[in-house]
Amino acid sequence: MTTQRPGRFSEAATTAQRRPPIGASRREGWAGLALAGVEGVSLAVMFQAQNLAWGGIVLWATLCLMLVGILVVSVWASRERGVHRRGFTRDLLLAGGWLLLWIAACGWFWIAHGHHSTGAFLTTAAATVAVLPMALVFGRLVREGS
C-alpha cells in the first residue's frame, strides 16, 4: 500500500478553513474594492444621466468607461488571486445578486422612464447601497489577506 501526498486542492481546502486563511491576497481585495468603486460611481452617474442636457451621451460614455474599468480591474484581480476563506464565493454571489436587484429597480425608475425629479443625493445613496455588500466582501479579504 502506498501513501500519496494530498493534492493541491485538498491543501487549498485545508488552508481556506483557517482563520485567517493562509495565502489570502490583500491585493486581490483592493482590486475588488476598486471594482466596487467603479461600479458605484458609474451607477451614480447613470442614475442621474437622464436629468442632464446631454444625458444620452453621458449614459453611453459611462457605460463604455464602466466596461473598460471592469475589464482592467478584473485583469488586475486575476493576477493577484489567492486563497479565499470558506464561504467567499457564496458571499460574493449574494452581493452580486443584491447589486443586480438594485440596478434593476433603480434603472427602472431612473433610467427607463427618462427625466425624473429625484435629486443626486438620493440616487448616489442608492448606488452606494447597491455596491456596499460587494465592498464589504472584498474589504474582509483586504483585512484577512497578506
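Suppose only helical runs count, i.e. DSSP H with n ≥ 4. What mean residue ellipticity at 222 nm does that imply for the chain under -39500 (n - 2.57) per run, divided by all residues and rounded to the nearest 500 deg cm²/dmol?
My calculation for the chain gives -25000 deg cm²/dmol from helical runs alone.
Hey, for a label at Leu52 modelled as a point 7 Å past Cα toward Cβ, could you say which residues of region 110-140 have their backbone N under 18 Å away?
110-128
Determine the relative contact order of the chain: mean sequence separation of Cα pairs under 8 Å and six or more apart, normalised by residue count, in whole percent.
46
Could you please report the charge total around Ser74, scoring K, R as +1 and D, E as -1 over all other residues with beta-carbon less than 13 angstrom from its beta-carbon?
Result for the neighbourhood of Ser74: -1.
Relative to the present Cα-Cα distance, how much length would full extension add between Ser78 and Leu122 at 0.36 nm per residue of separation?
Full extension from Ser78 to Leu122 adds 12.5 nm.
Which number do you get for Rg(Cα) / (2.2 N^0.38 Å) in the chain? Display every interim value, and only then the final one.
Working: Rg = 19.1 Å, N = 146, 2.2 N^0.38 = 14.6 Å.
Compactness ratio reported: 1.31.
In debye, nearest 20: dipole of the chain around its Cα centre with unit charges on the Cβ of K, R (+) and D, E (-)? It would help to have the intermediate numbers written out before the result.
Details: 13 positive and 6 negative charges, 151 e Å.
Taking the Cα centre of the chain as origin, the dipole is about 720 debye.
Coordinate-derived values only; no laboratory data. Keep in mind the model is a prediction, meaning the values are calculated, not measured. Ideal geometry is used to build each Cβ from the backbone, glycine not excepted, and the neighbour counts take in all protein chains shown.
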